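Visitor: Sharing a structure with you now.
The values are calculated or read from the model by the stated rules, or taken from the named source; none is laboratory data. Since this is a predicted model, take the numbers as computed values, not measurements. As a convention, Cβ positions derive from the backbone with ideal geometry for all residues, glycine included, and neighbour counts pool all protein chains shown.
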Amino acid sequence: MLPMSSQGTTTATKTLALDSTQLYLTAIDSSDSTLSFPSIPSSFPPSKLIPNTRFLVDSFRHSTTTTFSAAYFLSHFHSDHYSGLSPSWSKGIIFCSHLTSLLLIQTLKIPPHFVFPLPLNDPVVVDGCEVILVDANHCPGAVQFLFKVPTKNGSFERYVHTGDCRYCNSMKLNSYLNDFVGCDAIFLDTTYCNPKFVFPSQEEPVDYVVSVVDRIGKEFKEKKVLFLVATYVVGKEKILVEVARRCKRKIFVDGRKMEILNVLGYGGDKVFTVDESESNVHVVGWNVLGETWPYFRPNFVRMKEIMEEKGYEKIVGFVPTGWTYEIKRNKFVVRSKDSIEIHLVPYSEHSNYDELREYVKFLKPKKVIPTVGMDIEKLDSKHADKLRRHFAGLVDEMANKKDFLMGFHRGNYGGVEKVEMDASPDLNEDKDMERKQNILEMKSVESKNADITFNDSSPVQKPDLQDSAIPSEEERERIIEELGDSLPRWVTRDQKLNLISSSRWNVVEAVSNFYEHENELYEQISAFRTSDSASAAQAGSSDNSVSSLNSGPFRSSSHEGLISHLSQASKPSNFKLSVRSNISPGKRKKSTENKSNKKVKSNSKLESSGSKQPMITSFFGKVLVDDSKGGGTGLKIEECPKDEITLPGDLTKSYTEKIDQFIQIINGNESSRNYVATLLEKTQGDINRALDTYYGNPEVNHDGNTENMVFSSKSAQVWSCSNDCHVSKNEHALEESRSTPDSSLQGQPVENVDVTLVSLPPDKYKPIEHACWRSDQPAPYVHLARTFDLVGSQRGKIKATSMLCNMFRSLLALSPQDVLPAVYLCTNKIAADHENIELNIGGSLVTSALEEACGTNRSKIRDMYNDMGDLGDVAQACRQTQTLLAPPRPLLIRDVYSVLRKISVQTGSGSTMRKKNLIVNLIRSCREKEMKFLVRTLVRNLRIGAMMKTVLPALAQAVVMNSSRALCHEGTADCLKEKLQELSTAVTEAYNVLPNLDLLVPSLMKEGIAFSSSTLSMVPGIPIKPMLAKITNGVPEVLKLFQNKAFTCEYKYDGQRVQIHKLANGAVRVFSRNGDETTLRFPDLINTIKESAKPAAQTFILDAEVVAIDRKNGQKLMSFQELSSRERGSKDSLITVDKIKVNICVFVFDIMFANGQQLLGVPLRQRRKCLKDLFHDEKLGYFEYAKEIIGT
C-alpha cells in the first residue's frame, strides 16, 4: 500500500499507512492472508458509518452478532459510545486516541492487540483513506475524526465526525480543520440542538463553583461542611482541578476513580486522594445528588444520610450539567433544605446551541448528519429533519443544488443514449427528420435579431461569444433536448435556447438559472396567452386563436409569431440570470405583484363544477337513501336545514346537529338518538364531554359491531331532507329513554356514578353498585385514577388506607384478575425489586410523547412545569386543551400494566421510538385524571403518599370485608377491627420475608381471612427485606431493655452487607441490602461459599458482610473505599477470579432459611448452631463467623 502524503502541515516524514484487515488478522493470529466481510445492511445507523467506507464510529453494540468491518473508531471513553465492548472483544481493530486506548486496556480490559492508538494532529492512512484526529474539547482523550475518502474520479470526499464535542474558537486555528471547510458532511453532536440550550462557556461555571467552595469554606470550619461534586467516570476534571488549585485543598475520590485519574495523568499531581480524612471535597456518582431530567429532583434524603454518616453539620452539592440551565432560566439555581444545598451548575462538555451553529457556519459542510437525538437511525425521519433545519443557511446549499442537478445531468445523458439505442429503426428515422426540422428552425431563430434581443433588463443575459465556443448544430440540439428533460413542459423552445446560450451551453448552469427566474419566464407565457386570446377574439378566428396552446406541453416551434412576441415580452424584466437571489419563487411572486390588482370574481358555473374541499362537519350530516338513480339503495350524506328538523322538546331541537354528529362518530343508529340527546343535555351541548361520558360508560358495548347500527329503510325515509322533515317521537319516549339507556348502547358504565364514592366510609361503600363498571368486565384505569386523585389530596394515612380499601373491594368483587396489576400500579412498580426490571425511560422521552399526543411544544411544557412543579399536572392541563373527534377506547388497568411491561423490554435499535409510540397510544386514550397519574407513573413519581406499607394493609382489609359482607352489614366496620388488624399485620410480615407480589397477592386472594404470615415461606433467590434497627436514646436505655436478659454484641464491619442464597439447583446468588443482585461482582465469594458449605446444606439464606482484606499483610481488613474499587461486572463484562485485585472475606452473621425451613421464628442460639452445623470451620481471610460478645 502506498502511503499518502499528509495534508495541512509541512513535514518531511511520510504518512503512516495502515491496513485494518491485516492488523485484524494479526490480532486474531489467523494464517489467512485475506478476509471478506458481508455487506453492511441498509438498516445500519448512518450516523455510525462513514460513507463509501467500512469505517464504523462509536458503533460497537451494533456488531454483536455479525462483523461488518475490521476498522472501528472510538471517539472517547464514555459508556454510551463504547457500549458493546467487553474483555472478550474480538470483532475488529479499535482506532482511538492514546488516552482512550489506555482506558480501554486498563479499565475495560480490552485485549491490547485489538486497540490501535492514533496520534493527534498527524495524518494517518487507514485502508487508503486519510484519517486525522483533532481535539474535541470534551473529556480527556476525546477526539474528532477527519476522514478524507478517495473517489473513483480521483478526487476526495471529506467527512468530519465530532463524536461528543464542545466547540471553541481555538478550533478555527487548527490547520487540519481548516482543510475541511466545505466538507461533504459533518456528523454533529446534537445533544443540545435546541435554541433553549444557551448555557454559558465552561469558564463561568468553574469560577462559580470555586467561589462557592471558597466562600462557604470560610464561613464554616472545614470539619463541619462537606462539598460533593457529581461527575461521570471520565469527565468534569476541569472543575475538580480548578477547585484544588485555587482553593488549596485536595479532592477525595474512591479507588476506582483514582485508577482512572492515574491513567489520565492526574495521579502525580497530588491533587486527588483516596484518604477521606484529607479533604472535605468529595467526588460522588452522577445520580447521587438527584436526577436531572426532565426536571431536577434533589435527593435530600441520601445527602442527609451522607452528612450524618460522615459527621458533618452542613453539606453542599454541585450538579454540573447543561440540562439544568435548560429547565431554569437563572444561570445558577440553588435547591436547599435545612442544612443541605444543591447548586445546579450549567457546566457542559457538549456544544450549546449557538456553538453548534457557529461550528457549522465555520465548516460550511454540504450537509449535517445528527448523531444524538430521537430516531436518528433514519436520516429521513422527521426528527432528524427537524434537527437539520436549525442549520438552514449555514450549510453549502449551492453545492447541494449543483450535485443534485448534476445527478440529473448524468442520469438523463445515459438515459437518452439508452433510449436511442433501443429504439426501432422507424422511430430513429422519424427522430432524425424531427431533428433536422428543429435545426432549421434554430437557424431561423438565430438569424432574426429582431425576434430575439438581449439587453441588461432581460431575464436572459446575452452570451459572451468570445468566451464560449459555440457547439455544432447536432451538439446544440442534443444539449437542448437534455435541458428539456430537466424543465417543466410549458417551457418554450426559444426560452430553452436563451437559457442554454446565456449559460455558455452548460446544462447544469442553465437549469439553475431557470429555477432562479421561473416566475418571470412563466409570466411571459401567461401574458402571451392573454393578449393572443384577445386579438383572436377580435378577429373572430377562434379556430386559430391561442386556444391551440393548451395546458399541455407548450410548443412554439410551429409559431414564428410567438417567438417574436416572447422575445419582446422578455424586455421589461429587470432581473439578470447571473444574480443569485435568496428569495424563493413563491415569495418573489408575491413581492412583485401589483397591489392594485383586484381579485376577479370567478364564474359561478365554473366554481360550482370545480372541486372544493368540504368542511369536516359535512361528513356528519344525515344519511339519505340515494334514489336519484332508479331507486338505488346507496347511502348519501346531506346536511338538513336546521329549521326543517323538528324533534320533541326544545332541548332536542337545539342539539339536532350535534346529535347527528355524535351518532356518526359512534357509528350508532337512529334508535340511539334519544339516549344521545340525554348525554348532550347533561353536558350542556359539549360534544367532547358527551363523548367522554359515552366511552367512559362500561354498560355500553364499544366492540364496533355494526349489526345493530344499520340504517333501516324506514329511518332513512324519515330523515330524507324534505320540507316536511320531522321525527314522529313523543315526549314519553324521550322521558323513558332518560331512565333506561338505549338497547343499542347496553353494557356501558353508568355515567352518573359519583367519582368521589370511593371516599365513603367502608361500611357505607358498596363495591358493586358504586363501581364504574360491571361484573365480568375488565376494570377501567379511571377507577385507579379517581382513587389516586382522592388519596393524593388526603394527608391522613387512615383515610388514604380506607379509600384504597374501597378501591380494592370493587376490584375483588367485579374483576379479581385486575387486582395484581392494580397493586403494582399503586406502588409505582412493574415487577419485584430483585428482578431489576425498570421502564428505562427518561423525562425527555415522556415530554416528547406529550408533545406529539397533545399537540403542544417543549417550551410550553417547560413554562407550565415552572408554574406547576409537576409533570403529571402539566400533562393533565395539556389534555384539557386537546379536543378529539372520536376518543379512543377507555384504558384498562390490565392494559396499562401490560404496556408498561412491554416498554421495559424494548432494547436495541429503534427501541426509543417504539417506547415513545407505546406511551403516545396510552396518553391519547386517557380520560378525566388518567393522564396526570399515567405520566407520574412513567416518571416514577406517583405522589399520592401511598407506599407498600399502606397499599398491602388496604388490600388485606378489602379481602376481609369482601369475605365477611354479612358481618359487615350487621353493624359497622368496627366489628371487623380485630380481624382487619390481624390480616394487615400478616400480609405485611409475609411481604417482608417474601417480597414478591406475584406470589403474595394470589395467595392472599385464595386464602382470604384464613391467610397468615406462615402461609408463605421464604424462597431462595428472592431476597428478604432487611429488618431496620430501632432508634434508642442512649446506652442506658439499651441496658434497661436487656436487664436480666442474655444479649449479644457483634462487630460492625466496614464492608457491604449481603444476602447469600443457595438455590435448589445448586446455584449461589448474592443480593445487596436493598435487594439488588450483585452475583456477577463477587465470583470469588461464590467459590468461597461453595467450598465452605457442607453437602447437607442443600438450600439456605445467609446474612453476611463482605469486607476487603489484605491477605499479604496479616489478613488486615481494609476500608469500604477499597472494596468499592472492585469492578462491578455486568452481563456484557464478566469478572474472572484471576483478574481480581482486591480480595474479600465474608463474615457470616446469621442464617434465616435452611433446607426448606424458615428459621426467623427460631431463637438466635439455635440459628447459630444450625449455621455451624451446615458449614465447615472458619478459613481465615476467606470465610469467618462474625465476632461476637455475649453478655447478661
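Visitor: Filter segment 1006-1037 for residues that are over 45 Å from the mean Cα position of the chain (by Cα) and not in a loop (DSSP other than H, G, I, E, B); which is farthest from Ile1189 (Cα to Cα)?
Guide: Ile1009
Visitor: Can you give me the number of residues within segment 352-403 that are farther than 17 Å from Lys196 by Cβ and aromatic (Phe, Trp, Tyr)?
Guide: Qualifying residue count, segment 352-403: 2.
Visitor: I'm trying to understand the selection: among the residues of segment 150-167, which are under 33 Å from the mean Cα position of the chain (by Cα) and outside any loop (DSSP other than H, G, I, E, B)?
Guide: Matches in segment 150-167: Glu157, Arg158, Tyr159, Val160, His161.
Visitor: It is to be established whether one or more residues within segment 67-90 are among the β-branched types (Val, Ile, Thr) and in contact with a strand residue (DSSP E or B) (Cβ under 6 Å, 6 or more places away or on another chain).
Guide: Within segment 67-90, not a single residue is among the β-branched types (Val, Ile, Thr) and in contact with a strand residue (DSSP E or B) (Cβ under 6 Å, 6 or more places away or on another chain).
Visitor: Give segment 1048-1076 a look and list any residue that's of a type in the set (Ser, Thr, Tyr) and either touching an Asp or Glu at 6+ places or on another chain (Cβ under 9 Å) or assigned to a loop (DSSP other than H, G, I, E, B) (or both), or say none.
Guide: Result: Thr1048, Tyr1051, Tyr1053.
Visitor: Right, another one. Within segment 233-257, can you find the residues that are outside any strand (DSSP E or B) and touching a Phe, Trp or Tyr at 6+ places or on another chain (Cβ under 6 Å)?
Guide: Within segment 233-257, Val234, Val253 meet the criteria.
Visitor: Okay, next question. From the residues in segment 846-872 that are small (Gly, Ala, Ser) and surrounded by fewer than 18 Cβ atoms within 10 Å (Cβ to Cβ), which one is nearest to Arg940 (Cα to Cα)?
Guide: In this case the residue turns out to be Gly869.
Visitor: Here is a further query. Can you tell me which residue in segment 1-28 is surrounded by the fewest Cβ atoms within 10 Å (Cβ to Cβ), limited to those that are more than 23 Å from Ser155 (Cα to Cα) and at pLDDT 85 or above?
Guide: Here the answer is Thr26.
Visitor: Right, something else. Whether any residue in segment 832-840 is in contact with a strand residue (DSSP E or B) (Cβ under 7 Å, 6 or more places away or on another chain) and surrounded by fewer than 16 Cβ atoms within 10 Å (Cβ to Cβ) is what I want to check.
Guide: The answer is yes; a qualifying residue exists.
Visitor: Hey, any hits in segment 150-170 for a residue that's in contact with a Lys or Arg (Cβ under 8 Å, 6 or more places away or on another chain) and farther than 20 Å from Lys361 by Cβ?
Guide: Yes: one or more hits.
Residue by residue, here is whether (1) on the phi > 0 side of the Ramachandran plot; (2) under 15 Å from the mean Cα position of the chain (by Cα); (3) not aliphatic (A, V, I, L, M) holds:
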site: Gly855; (1), (2), (3): yes, no, yes
site: Ser859; (1), (2), (3): no, no, yes
site: Gly908; (1), (2), (3): yes, yes, yes
site: Lys932; (1), (2), (3): no, no, yes
site: Leu938; (1), (2), (3): no, yes, no
site: Pro953; (1), (2), (3): no, no, yes
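Visitor: Residues of segment 817-872 being more than 23 Å from Cys193 (Cβ to Cβ) and among the acidic types (Asp, Glu), which ones?
Guide: Result: Asp818, Asp833, Glu835, Glu838, Asp867, Asp870.
Visitor: Can you find a residue that is within 30 Å of Val263 (Cα to Cα) and assigned to a loop (DSSP other than H, G, I, E, B) anywhere in segment 179-186?
Guide: No: segment 179-186 contains no residue that is within 30 Å of Val263 (Cα to Cα) and assigned to a loop (DSSP other than H, G, I, E, B).
Visitor: Among the residues of segment 372-390, which ones are closer than 19 Å to Val160 by Cβ, touching a residue at least 60 places away in the same chain (Cβ under 8 Å) and either touching a Pro at 6+ places or on another chain (Cβ under 9 Å) or of a type in the set (A, V, I, L, M, F, W, C) (or both)?
Guide: Val372, Ile376, Leu379, Leu387, His390
Visitor: What number goes with the only condition from (1) surrounded by fewer than 19 Cβ atoms within 10 Å (Cβ to Cβ); (2) at negative phi; (3) in contact with a Lys or Arg (Cβ under 9 Å, 6 or more places away or on another chain) that Lys109 does not pass?
Guide: Unmet condition: (2).
Visitor: Taking segment 117-168 as the region of interest, how many residues are under 14 Å from Thr371 (Cβ atoms) and basic (Lys, Arg)?
Guide: Of the residues in segment 117-168, 0 are under 14 Å from Thr371 (Cβ atoms) and basic (Lys, Arg).
Visitor: Does Val791 meet the test of being among the β-branched types (Val, Ile, Thr) and over 28 Å from the mean Cα position of the chain (by Cα)?
Guide: So Val791 passes the test.
Visitor: Would you confirm whether or not segment 378-397 contains a residue that is surrounded by fewer than 12 Cβ atoms within 10 Å (Cβ to Cβ), among the hydrophobic types (A, V, I, L, M, F, W, C) and at pLDDT 50 or above?
Guide: yes
Visitor: Here is a follow-up. Across segment 171-210, which residue is nearest to Lys366 (Cα to Cα) among those that are within 26 Å of the chain's Cα centre (by Cα), surrounded by 22 or more Cβ atoms within 10 Å (Cβ to Cβ) and aliphatic (A, V, I, L, M)?
Guide: Ile186
Visitor: Here's another thing I want to ask about it. Identify, from the list Arg297, Arg357, Arg389, the residue that is under 20 Å from the mean Cα position of the chain (by Cα), not small (Gly, Ala, Ser) and not assigned by TED's automatic domain parsing to the domain that holds Ile216.
Guide: Sole residue among the options that is under 20 Å from the mean Cα position of the chain (by Cα), not small (Gly, Ala, Ser) and not assigned by TED's automatic domain parsing to the domain that holds Ile216: Arg389.
Visitor: While we're here: So is Lys1040 at negative phi, among the basic types (Lys, Arg), at pLDDT below 90 and not in a helix (DSSP H, G or I) or not?
Guide: no
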